[in-house]
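Have a look at the structure below before the remarks.
The values are calculated or read from the model by the stated rules, or taken from the named source; none is laboratory data. Bear in mind the structure is a predicted one, so any value in this text is a computation, not a measurement. Using ideal geometry, Cβ is built from the backbone for each residue, glycine included, and neighbour counts are taken over all protein chains shown.
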């Protein structure tokens, strides 16, 4: 079981607790669709799936993405990777 939290610009906009899933074979990964076929218009720049959801790991991923996509200025003041790129 796992909890899901989707964030955009460091703000949580969707959460769901107690998800259970297991990938046993290659499968299609569908993003931005619900059970009635509604989708979000837009593009996914990057998807990262991790087992470690600690705050230091989250901040390292935020820093990595901010530096990769030239969005460092959007990191909040005091973010550990606002002024230096994380080592990954």
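Listing for the model above:
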read-out	value
Residue list for region 60-72, restricted to those being in contact (Cβ under 8 Å) with a residue 24 or more places away in the chain and part of a helix (DSSP H, G or I)	60, 62, 64
Flag if residue 20 is modelled with pLDDT under 65 and in contact with a strand residue (DSSP E or B) (Cβ under 7 Å, 6 or more places away or on another chain)	no
